[in-house]
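Structure, as structure tokens:
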Amino acid sequence: QVQLVESGGGAVQAGGSLRLSCAASGSISSINTMGWSRQAPGKQRELVATISSGGSTYYADSVKGRFTISRDNAKNTVYLQMNSLKPEDTAVYYCRVFSRSTLYWGQGTQVTVSS
């Protein structure tokens with residue numbers, strides 16, 4: 001089992017920045033890919049970014065060039081640096097972690113971007 005605790009959400013004006021953090025605990029030795037998804041009101045959850053244990057990254061087209069994902073393996077933590085935020089980035093952001101072929105989710109943190 002893996003437990004995930006997120007932090008760093010909040011409200012910001014368009015063009016601003018936020019940094020999300022997600023700390024993993026439990027069966028952390030088996031963690032592979034870490035990442036973030038988001039879900040806006042009335043929309044399906046979408047994958048935002050992922051980072052493998054080797055550091056390979058993936059970004060959704062909508063966030064490329066604005067968001068940066070990173071991880072600190074010593075702290076078992078994944079980060080999402082979000083710059084140049086837009087109102088359409090408003091959503092609940094969920095940390096996601098793959099471990100032993102099981103996908104674990106964090107509780108979610110709200111990000112609200114006002115115009």
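The values are calculated or read from the model by the stated rules, or taken from the named source; none is laboratory data. These figures come from a predicted structure and were not determined experimentally. In case anyone asks, the SASA skips ligands and DNA or RNA and just uses the protein heavy atoms, side chains included. Shrake-Rupley method; radii C 1.70, N 1.55, O 1.52, S 1.80 Å.
Find, to one decimal place in angstroms, the Kirkwood hydrodynamic radius of the chain, where the mean of 1/r is taken over every pair of different Cα atoms and then inverted. After inverting the pairwise mean of 1/r, the radius is 14.0 Å. The accessible surface of the range 20-83, taken with every protein chain in place and a 1.4 Å probe, is 45 percent carbon and sulfur. All Cα-Cα distances of the range 22-82, cut into 5 Å bins from zero to the largest, leave 4, 17, 29, 22, 16, 9, 4, 0 percent in each bin in turn.
Here the Karplus relation 6.51 cos²θ - 1.76 cosθ + 1.60, evaluated at θ = phi - 60°, turns the backbone of the range 54-68 into coupling constants of x, x, 6, 10, 9, 10, 5, 4, 5, 10, 4, x, 10, 9, 9 Hz, with x for every Gly and Pro.
With protein chains left intact and a 1.4 Å probe, residues in the range 27-73 average 54 Å² of accessible area per residue.
Shown here: the range 16-56, whose C-alpha atoms stretch 36, 25, 22 Å along the first, second and third principal axes, sorted largest to smallest.
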